[in-house]
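The values are calculated or read from the model by the stated rules, or taken from the named source; none is laboratory data. The structure displayed is predicted, hence computed values, not measured ones. FYI the Cβ positions are ideal-geometry reconstructions off the backbone, even for glycines, and counts take in every protein chain you see.
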Amino acid sequence: MLSRRQIEQYHETGWIVVDGLLEAALLSEARRVIAELIAKAAGVTAHDDVYDLEPGHRPEAPRVRRIKTPHKNHPLFWEIARLPKLVGILSQLLGPSGVRLHGSKINLKDPEYGSPVEWHQDWAFYPHSNDDVLAVGVMLDDMLPENGPLLVLPGSHKGPVHDHHQDGHFVGAMDPTKSDLDFSQAVALTAPAGSMSFHHVRLVHGSAQNTSPRPRQLLLYEYAAADAWPLLGVKDFADFNARLVAGTPITAPRLAPVPVRMPLPPTLRQGSIYESQTSARNRYFAIRENARV
């Protein structure tokens, strides 16, 4: 369980990192399963419901930048999402109504490769009736300053919801030239493999390209308080309730006076944040062009 100081830090800065939450056996198994999934991508030539591919992907050299909804694609990732230690921490941070898994993904960065993710707020993608919503980053590799760790701007979760639109459409990225944020103050969430980061849904964050000879695999879960309901609606009520990892189903959302921008009209490039952000004209993170060949 978190200490009082850790809970205070989360609310003050919008993030915390907790070491050693994923035991060695599960860490090893997660790496094995991911390696199998990447090998299977050799038979995939375009983005699909499981894979988001790097621009340099080839059958003989598969490169995957995201594995989509892993909790649906392998039971191990549903098991990790419900770990008692993890759920206990989530209950401390999200409140007494319960905890619901909103979504999951695995973001992968190959050595000296790996696409960056531009500055954004998760809240821009999936606003809820209240903002007791967060993301958990399960570090499957050591997170180092040079291998593209998550970068966060402390305290930015207390500020506005920034514009993630361009030319009238959602692009899933902030325009760094139109923000008064000091991106040089970003903090890299570095920690040993098996650690987990927790960041508030409104926290501004991103990640640079991996320039190191080491891989970077990050399993991401999004969780919401059970009484936080997505403003874009609930498509499958049975599935919505099946994703509760703590608490019982409720039909009374809690409304909070939090700022909201809807991700509408939707992006012209569907599939993932990587695809959406390709439409953004002004980028913060440089991409080495030789990594694309």
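A compact table of results
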{"quantity": "Within segment 154-179, tally of residues that are β-branched (Val, Ile, Thr) and either touching a helix residue (DSSP H, G or I) at 6+ places or on another chain (Cβ under 8 Å) or buried (at least 18 other Cβ atoms within 10 Å of the Cβ) (or both)", "calculated": "2"}
{"quantity": "Which listed residue is within 20 Å of the chain's Cα centre (by Cα) and part of a loop (DSSP other than H, G, I, E, B), from His47, His11", "calculated": "His47"}
{"quantity": "Which numbered condition Ala30 fails, given (1) small (Gly, Ala, Ser); (2) surrounded by fewer than 17 Cβ atoms within 10 Å (Cβ to Cβ); (3) at pLDDT 90 or above", "calculated": "(2)"}
{"quantity": "Pair list, Cβ < 7 Å and 6+ apart or interchain, from segment 260-282 residues that are outside any loop (DSSP other than H, G, I, E, B) to residues that are among the hydroxyl-bearing types (Ser, Thr, Tyr) and surrounded by 13 or more Cβ atoms within 10 Å (Cβ to Cβ)", "calculated": "Tyr274/Ser115; Ser276/Thr267"}
{"quantity": "Condition broken by Arg65, with the remaining ones in (1) farther than 27 Å from Thr45 by Cβ; (2) not in a loop (DSSP other than H, G, I, E, B) satisfied", "calculated": "(1)"}
{"quantity": "Condition broken by Gly271, with the remaining ones in (1) on the phi > 0 side of the Ramachandran plot; (2) modelled with pLDDT of 95 or more satisfied", "calculated": "(2)"}
{"quantity": "Which numbered condition Ala286 fails, given (1) over 18 Å from the mean Cα position of the chain (by Cα); (2) at pLDDT below 95; (3) surrounded by 19 or more Cβ atoms within 10 Å (Cβ to Cβ)", "calculated": "(3)"}
{"quantity": "Matching strands (runs of 3 or more DSSP E) fully within segment 95-148 where at least 1 residues are on the phi < 0 side of the Ramachandran plot and among the aromatic types (Phe, Trp, Tyr)", "calculated": "117-120"}
{"quantity": "Gly271 being farther than 17 Å from Val161 by Cβ, in contact with a helix residue (DSSP H, G or I) (Cβ under 7 Å, 6 or more places away or on another chain) and among the small types (Gly, Ala, Ser)", "calculated": "no"}
{"quantity": "Leu151 being aliphatic (A, V, I, L, M) and either farther than 21 Å from Ile7 by Cβ or surrounded by 24 or more Cβ atoms within 10 Å (Cβ to Cβ) (or both)", "calculated": "yes"}
{"quantity": "Long-range neighbours under 9 Å by Cβ, at least six apart or interchain, first residue farther than 9 Å from Trp119 by Cβ and of a type in the set (Phe, Trp, Tyr) within segment 165-194, second assigned to a helix (DSSP H, G or I) and modelled with pLDDT of 95 or more", "calculated": "Phe170/Ala124"}
{"quantity": "Subset of segment 232-244 that is assigned to a loop (DSSP other than H, G, I, E, B) and of a type outside the set (Val, Ile, Thr) - its residue that is nearest to Val161 (Cα to Cα)", "calculated": "Leu232"}
{"quantity": "Any hit, segment 125-141, residues being of a type outside the set (Ser, Thr, Tyr), out of contact with any helix residue (DSSP H, G or I) (no Cβ under 6 Å at 6 or more places or on another chain) and more than 30 Å from Gly233 (Cα to Cα)", "calculated": "yes"}
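Per-residue answers, yes or no, for (1) without any contact (Cβ under 8 Å) to a residue 12 or more places away in the chain; (2) crowded, with 18+ Cβ neighbours inside 10 Å; (3) under 23 Å from Val117 (Cβ atoms); (4) not acidic (Asp, Glu):
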site: Thr13; (1), (2), (3), (4): no, yes, yes, yes
site: Glu23; (1), (2), (3), (4): no, no, no, no
site: Ala42; (1), (2), (3), (4): no, no, no, yes
site: Tyr51; (1), (2), (3), (4): no, yes, yes, yes
site: Ala61; (1), (2), (3), (4): yes, no, yes, yes
site: Lys68; (1), (2), (3), (4): no, yes, yes, yes
site: Pro84; (1), (2), (3), (4): yes, no, no, yes
site: Gln92; (1), (2), (3), (4): no, no, no, yes
site: Val99; (1), (2), (3), (4): no, yes, no, yes
